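Q: Before we start, here is the structure in question, set down as structure tokens.
The values are calculated or read from the model by the stated rules, or taken from the named source; none is laboratory data. On a predicted model such as this, the values are computed, not experimentally measured, just so you know. Cβ placement follows ideal geometry from the backbone for every residue including glycine, while neighbour counts extend to all protein chains displayed.
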Amino acid sequence: MKKEIRVELGDRTYPIYIGSGLLEQTGSLVNTCRSRCQVLLVSNPTVYELYGEKTKKSLRESGFKVVVSLMPDGEQYKNMDEAMKVIDVAVAARLERGDVIAALGGGVVGDLAGFVASVYHRGVDYVQIPTTLLSQVDSSIGGKVAVNHPGGKNLIGAFHQPRLVIIDPRTLDTLEEREYRAGLGEVVKYGIIYDRQFFQWLEQQVSAINAREVEAVTEMINRSCLIKKAIVEQDEKEQGLRAILNLGHTFGHAVEQLTDYKVYRHGEAVAMGIVAACHMAREYGLLSGEETDRIKKLFKKIQLLRGFPSLHEEYIFQTMLKDKKVQAQELQIIVPAGIGGHEFITAPSREQIFRAINSARMSE
Ligand code: NAD
Ligand code: GLY
């Protein structure tokens, strides 16, 4: 049984299919938007070893010619050099405008493959086949594609919507516990900034979610995709509302960058950033102490709270200033307004950022 969610964006509308075992149907699903063309399958050795053959077989059985390009595993490889290597494979295979790139892997593979699809031949179609929780609930949907620059995360990128997203929750069976929990950071984020009922549902279902019970996990993915879809449909290119999806990210990206992407998983950095944003919201009277505690309690229950690194706040602040949301040298921080709501804090002072980091540290 598969669920279908449509991201309605005019001529860029596409389906998200969610269902156990869908990986084996990759070929027939890709066939719904393209037939008998060449598919450049981008993955990394970890994921390819687990799911590469199955995906390739399914594509070939549906008449596609498949060429594979593997990038090394890790956020540090989400860069221009690796993107260029994928482009080299595309050029060598004579990939044409009518061909398709398929991203099989987590958010790193998806962002990089999507980026290549956005620039190769001035843009070719691509399909997302996300295999981590984070990529299934967030990064595979909405068309943000990018690679990192030494000066900052995701600084080189585009908005380029996929033609289709294929989510097979069964792929999560092989995902390490830490990666699974990191993905929960983005899930909780949706509840905090957009959907109070979803937050309550997460509180109620936390044991089933921790135990990775298939029904609860599939429902969680489904509800997360519905929220992301709703936000992207209202603001595809992040002119306003979509920025709320960056809750916790300005703090989190700075921490990831300052620790060379080696210490924290993205979702862990986001969770610590969300806690800092909650303390900021408290200062503005937007969140009560009780609500802040509820958020922290949920993060604790999913074992996602890792402490801020012992870096001086000034380093974190200076790195935050390189964020893409900085305008005229002024930061914009998204904070919760109650559970299920959001607010933008424009130009917070250096001292406020310091206080938010230190309050988060004290509450660890
Ligand atoms: P990731 O892609 O690095 O995957 C995490 C690890 O899990 C990797 O080692 C990977 O090889 C492994 N893995 C993947 N699927 C597996 C499976 N089924 N079984 C076993 N191992 C598996 O990390 P991620 O958390 O998926 O993605 C993080 C990236 O996503 C960051 O670069 C972040 O910037 C990006 N992101 C993008 C968006 C967006 O809208 N484009 C949103 C959120 C995050
Ligand atoms: N994950 C942030 C966004 O898609 O806008």
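Q: Out of all the residues in the range 237-251, which are hydrophobic (A, V, I, L, M, F, W, C) and closer than 18 Å to F308 by Cα?
A: Within the range 237-251, L247, F251 qualify.
Q: Return the only residue of L104, L9, L59 being under 22 Å from the mean Cα position of the chain (by Cα) and over 15 Å from S135 (Cβ atoms).
A: L9
Q: If you don't mind, there's one more thing I want to ask. For a quick check of your reading of the model, give me the residue pairs whose first member lies in the range 174-186 and is farther than 17 Å from R223 by Cβ, whose second is among the acidic types (D, E) and within 16 Å of ligand 2 (Cβ to nearest atom), with beta-carbon atoms closer than 6 Å and at least 6 apart or on different chains.
A: A182/E268
Q: Kindly evaluate T218 against the criterion of being in contact (Cβ under 8 Å) with a residue 60 or more places away in the chain, within 16 Å of ligand 1 (Cβ to nearest atom), hydroxyl-bearing (S, T, Y) and in contact with a Leu (Cβ under 7 Å, 6 or more places away or on another chain).
A: no
Q: Further question on the same structure: Identify all residues within the range 78-101 that are among the basic types (K, R) and closer than 25 Å to N148 by Cα; write none if there are none.
A: K78, K85
Q: Would you mind telling me which numbered condition in (1) surrounded by fewer than 22 Cβ atoms within 10 Å (Cβ to Cβ); (2) within 16 Å of ligand 2 (Cβ to nearest atom) I16 fails?
A: Condition not satisfied by I16: (1).
Q: If I ask for residues that are among the charged types (D, E, K, R), modelled with pLDDT of 95 or more and closer than 22 Å to L155 by Cα, which ones from the range 46-87 would you list?
A: Hits for the range 46-87 are D73, K78, D81, E82, K85.
Q: Give V165, V137, V147 a once-over and let me know the one that is touching a strand residue (DSSP E or B) at 6+ places or on another chain (Cβ under 7 Å) and near ligand 1 (Cβ under 10 Å from one of its atoms).
A: After ruling out the rest, the residue left standing is V147.
Q: Right, another one. Return only the number of the condition from (1) under 20 Å from F159 (Cβ atoms); (2) β-branched (V, I, T); (3) away from ligand 1 (no atom under 13 Å from the Cβ) that I231 does not satisfy.
A: Evaluating I231 over (1) under 20 Å from F159 (Cβ atoms); (2) β-branched (V, I, T); (3) away from ligand 1 (no atom under 13 Å from the Cβ) leaves (3) as the failure.
Q: Continuing with this model, one more query. Scan the range 174-230 residue by residue and report those that are within 16 Å of ligand 2 (Cβ to nearest atom) and among the hydrophobic types (A, V, I, L, M, F, W, C).
A: A182, L184, V187, V188, I192, I193, I221, C225, L226, I227, A230
Q: Please work out if G106 is closer than 21 Å to L29 by Cβ and within 11 Å of ligand 1 (Cβ to nearest atom).
A: Yes: the conditions hold for G106.
Q: Quick check on my filter: what residues within the range 152-173 are touching a residue at least 60 places away in the same chain (Cβ under 8 Å) and small (G, A, S)?
A: Selection gives G152 alone.
Q: Which residues, counting only those in the range 7-23, are farther than 13 Å from I167 by Cα and in a strand (DSSP E or B)?
A: Listed by number, the residues that qualify are V7, Y14.
Q: Let me ask something else about it. Restricting attention to the range 28-45, does a residue exist that is farther than 13 Å from A102 by Cα, in contact with a strand residue (DSSP E or B) (Cβ under 8 Å, 6 or more places away or on another chain) and at pLDDT 95 or above?
A: Within the range 28-45, one or more residues are farther than 13 Å from A102 by Cα, in contact with a strand residue (DSSP E or B) (Cβ under 8 Å, 6 or more places away or on another chain) and at pLDDT 95 or above.
Q: Counting just the residues of the range 234-253 that are surrounded by 18 or more Cβ atoms within 10 Å (Cβ to Cβ) and polar (S, T, N, Q), which one comes out nearest to ligand 1 (Cβ to nearest atom)?
A: Step by step, filter the range 234-253, then rank; the result is N246.
Q: Related question: Please return the ranges of strands (runs of 3 or more DSSP E) entirely within the range 47-131 where 1 or more residues are surrounded by 17 or more Cβ atoms within 10 Å (Cβ to Cβ) and within 16 Å of ligand 2 (Cβ to nearest atom).
A: Counting at least 1 such residues, we get 100-105, 125-130.
Q: In the range 249-274, which residue that is at pLDDT below 95, farther than 13 Å from K153 by Cβ and not charged (D, E, K, R) is nearest to ligand 2 (Cβ to nearest atom)?
A: G267
Q: Out of the residues in the range 150-162 that are small (G, A, S) and within 17 Å of A117 (Cα to Cα), state the one that is nearest to ligand 1 (Cβ to nearest atom).
A: Result: G157.
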